Amino acid sequence: MQRTYCHRLTSTFLGSALFLGSTLALADDGFFGTGFNKSFNIRLSGFMATTSTEIRVDSAGGVIGETLSFEDDLNLSDREILPLLDITYRFNPRHMLDFSYVDLGRNGATTFTKGGTTTDDIQWSVGTEMQSRFESEVYRLAYGYSFINDGKKEFGVLLGLHVTRFNVGLSGRGSLVAVDPDTGNEIVVEGEGERSYDSGFTVPLPVVGLHGTYAFTPNFRVRGWGQFFSLKYDNYDGSMINASGMLEYDLFENLGIGVGYAYYGYDLDADRDDLKGGFSYDFSGPTAFFYASF
């Protein structure tokens, strides 16, 4: 259901943006190829990300989970080097589509030391050997309109869809717990044994933002953009920020290099069948990249 909804929403947005761009493509074709105004720009980055991941999962039966840090409590790596893909297509100097994709997956193993910790309806045992997994895939699609674009400087707005797919896994020894309907207290309903928690969920968020570029010379420029979400939407309540800044240098007419910094941050509460609870998740760090434009 969720995956179908995301697919339909993305298809509708893409089709609308393509139609808008084709009907408004009134600029002089000679403007393309000057400075940063190329029809296509494809950028592949090495993203040196530092991560922080905290999650709380409540059970459908009313058991309130405890907050777990995947880096501090479960020994997941807090630094990864990731590939990051960005593609920009310009209909004309004022209208464009931006797409980006990044995938972060980590596994960990540790001896659990945090007593009384519950995830969903499982209370984990102190001293157990815990196996953990946290994966995220981020897709960003945005339509951009530029109020200003004279070949030297550009400034405009972004409207888009930010879709993140999460997969979380935990396994170790623990006990099943539930809420006593008479007292409202959590009670153990089944003794200690090997337990596992495995969940996947998708978070589609509409986002708005700003983008801008300034060219110091025809071959050297600074570029940046940011998008955010902060409101109650569907079964989510919280905020999301995604931003990036970079310096670009054209080595040749169609090839260049650059460095920058990227940030992805989530702080959300959810009340859905596939996720009840909340999580705080961010990853950020420097990037180094090459790009092709034509």
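Residues in region 242-273 that are closer than 20 Å to LEU84 by Cα and surrounded by fewer than 19 Cβ atoms within 10 Å (Cβ to Cβ): ALA243, GLY245, LEU247, TYR249, ASN254, LEU255, ILE257, VAL259, TYR261, TYR263, GLY265. A single member of PHE99, PHE91, PHE112 is farther than 13 Å from LEU170 by Cβ, aromatic (Phe, Trp, Tyr) and surrounded by 19 or more Cβ atoms within 10 Å (Cβ to Cβ), and it is PHE91.
Identify all residues within region 115-139 that are on the phi < 0 side of the Ramachandran plot, in a strand (DSSP E or B), among the charged types (D, E, K, R) and buried (at least 17 other Cβ atoms within 10 Å of the Cβ); write none if there are none. Selection gives ARG133 alone. Taken over region 197-217, residues that are within 14 Å of ILE122 (Cβ to Cβ) and touching a residue at least 60 places away in the same chain (Cβ under 8 Å) amount to 2. Residue check: is TYR101 assigned to a strand (DSSP E or B), in contact with a helix residue (DSSP H, G or I) (Cβ under 9 Å, 6 or more places away or on another chain), within 30 Å of VAL208 (Cα to Cα) and among the aromatic types (Phe, Trp, Tyr)? For TYR101, the condition - assigned to a strand (DSSP E or B), in contact with a helix residue (DSSP H, G or I) (Cβ under 9 Å, 6 or more places away or on another chain), within 30 Å of VAL208 (Cα to Cα) and among the aromatic types (Phe, Trp, Tyr) - is not met.
For region 149-160, name all the residues that are at pLDDT below 95 and either within 14 Å of ARG223 (Cα to Cα) or in contact with a helix residue (DSSP H, G or I) (Cβ under 6 Å, 6 or more places away or on another chain) (or both). Residues satisfying the conditions are ASN149, GLY151, LYS152, LYS153, GLU154. Among residues of region 140-182 being in a loop (DSSP other than H, G, I, E, B) and charged (D, E, K, R), the one that is surrounded by the most Cβ atoms within 10 Å (Cβ to Cβ) is LYS152.
Contact map, region 249-276: residues that are more than 21 Å from GLU137 (Cα to Cα) and touching a residue at least 12 places away in the same chain (Cβ under 8 Å) paired with residues that are outside any strand (DSSP E or B) and among the aliphatic types (A, V, I, L, M), Cβ distance under 9 Å, separation 6+ or inter-chain. Pairs shown: ILE257/LEU251.
The values are calculated or read from the model by the stated rules, or taken from the named source; none is laboratory data. The shown structure was predicted, so the numbers you read here are calculated from the model rather than taken from an experiment. Every residue, glycine among them, receives a Cβ derived from its backbone with ideal geometry; neighbour counts consider all protein chains shown.
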